[in-house]
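Trainee: I'd like to ask some things about the structure below.
The values are calculated or read from the model by the stated rules, or taken from the named source; none is laboratory data. Quantities reported herein were computed from a predicted structural model and do not represent experimental measurements. Quick reminder, even Gly has a Cβ in these numbers, built from the backbone with ideal geometry, and neighbours come from all protein chains shown.
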């Protein structure tokens, strides 16, 4: 049996979970509302303040979907109650970010400024010129947007310049050495 799939999901106070037809799940909480259609083969049961995901049989597809369905449901509950966030750090001389209205404007060493707009469900904060915090209730959207921001200037291995995640470690390379005679 799936170790992740068999764990029950606790519903915190202030979060409302609604199960609809064809496993259409709606989760409402203080951070927002998320709706997702989960795989129809899985059996989702709500018992008081917990949710359990069960599989109908032990075929390979059902085993694979068991843990996935539970993880997706758990991420929806955690996202609407606590939210998710990714922190990015900008390294480099003259590299900086600022927020103008609902746009993230970055100077990344190009001849132009790089602008990115907030999408729905995503909040951008710039507490310092070299730090960006992306947050929201949907884990997938937060991670995707953070990856798109990082993609504008990925960190390079020689000087470590670029945009990186705060917990990311850049493997540094040695530069050129003097010419041999």
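Trainee: Exactly one condition in (1) part of a helix (DSSP H, G or I); (2) under 25 Å from residue 32 (Cβ atoms) is false for residue 124; which is it?
Mentor: Status for residue 124: all satisfied but (1).
Trainee: Another question, then. So which pairs qualify, if the first residue must be in the stretch 6-23 and surrounded by 13 or more Cβ atoms within 10 Å (Cβ to Cβ), the second must be in a loop (DSSP other than H, G, I, E, B), the Cβ gap must be under 6 Å, and the two must be at least 6 apart or on different chains?
Mentor: 11/49; 17/11; 23/38; 23/40
Trainee: So, one more: If I filter the stretch 38-49 down to residues being in contact with a strand residue (DSSP E or B) (Cβ under 7 Å, 6 or more places away or on another chain) and in contact (Cβ under 8 Å) with a residue 24 or more places away in the chain, which single residue comes out as farthest from residue 78 (Cα to Cα)? Step through it out loud before you land on a result.
Mentor: Taking the stretch 38-49 and keeping what is in contact with a strand residue (DSSP E or B) (Cβ under 7 Å, 6 or more places away or on another chain), we get 38, 42-46, 49.
Remaining after also requiring in contact (Cβ under 8 Å) with a residue 24 or more places away in the chain: 38, 42, 44, 46, 49.
Numbers: 38: 17, 42: 20, 44: 17, 46: 16, 49: 14 Å.
If we take residues in the stretch 38-49 being in contact with a strand residue (DSSP E or B) (Cβ under 7 Å, 6 or more places away or on another chain) and in contact (Cβ under 8 Å) with a residue 24 or more places away in the chain, then 42 is farthest from residue 78 (Cα to Cα).
Trainee: With the structure loaded, tell me whether residue 175 is surrounded by 13 or more Cβ atoms within 10 Å (Cβ to Cβ) and either outside the structural domain of residue 34 (by TED's automatic domain parsing) or in a loop (DSSP other than H, G, I, E, B) (or both) or whether it fails that test. It would help to see each step written out before you state the result.
Mentor: Numbers: surrounded by 13 or more Cβ atoms within 10 Å (Cβ to Cβ): no; either outside the structural domain of residue 34 (by TED's automatic domain parsing) or in a loop (DSSP other than H, G, I, E, B) (or both): yes.
In short, no.
Trainee: Right, something else. Between 105, 43, which is surrounded by fewer than 16 Cβ atoms within 10 Å (Cβ to Cβ) and outside the structural domain of residue 149 (by TED's automatic domain parsing)?
Mentor: Details: 105 fails: outside the structural domain of residue 149 (by TED's automatic domain parsing).
Going through 105, 43 in turn, the sole match is 43.
Trainee: Test residue 166 against the stated conditions and say whether it is surrounded by fewer than 14 Cβ atoms within 10 Å (Cβ to Cβ), touching a residue at least 60 places away in the same chain (Cβ under 8 Å) and more than 22 Å from residue 28 (Cα to Cα). Before you say what the answer is, go through the steps one by one.
Mentor: Values: surrounded by fewer than 14 Cβ atoms within 10 Å (Cβ to Cβ): yes; touching a residue at least 60 places away in the same chain (Cβ under 8 Å): yes; more than 22 Å from residue 28 (Cα to Cα): yes.
The answer is yes for residue 166.
Trainee: Looking only at the stretch 50-68, count every residue that is in contact (Cβ under 8 Å) with a residue 24 or more places away in the chain and either over 14 Å from residue 40 (Cβ atoms) or out of contact with any helix residue (DSSP H, G or I) (no Cβ under 9 Å at 6 or more places or on another chain) (or both) and tell me the total.
Mentor: The total comes to 8.
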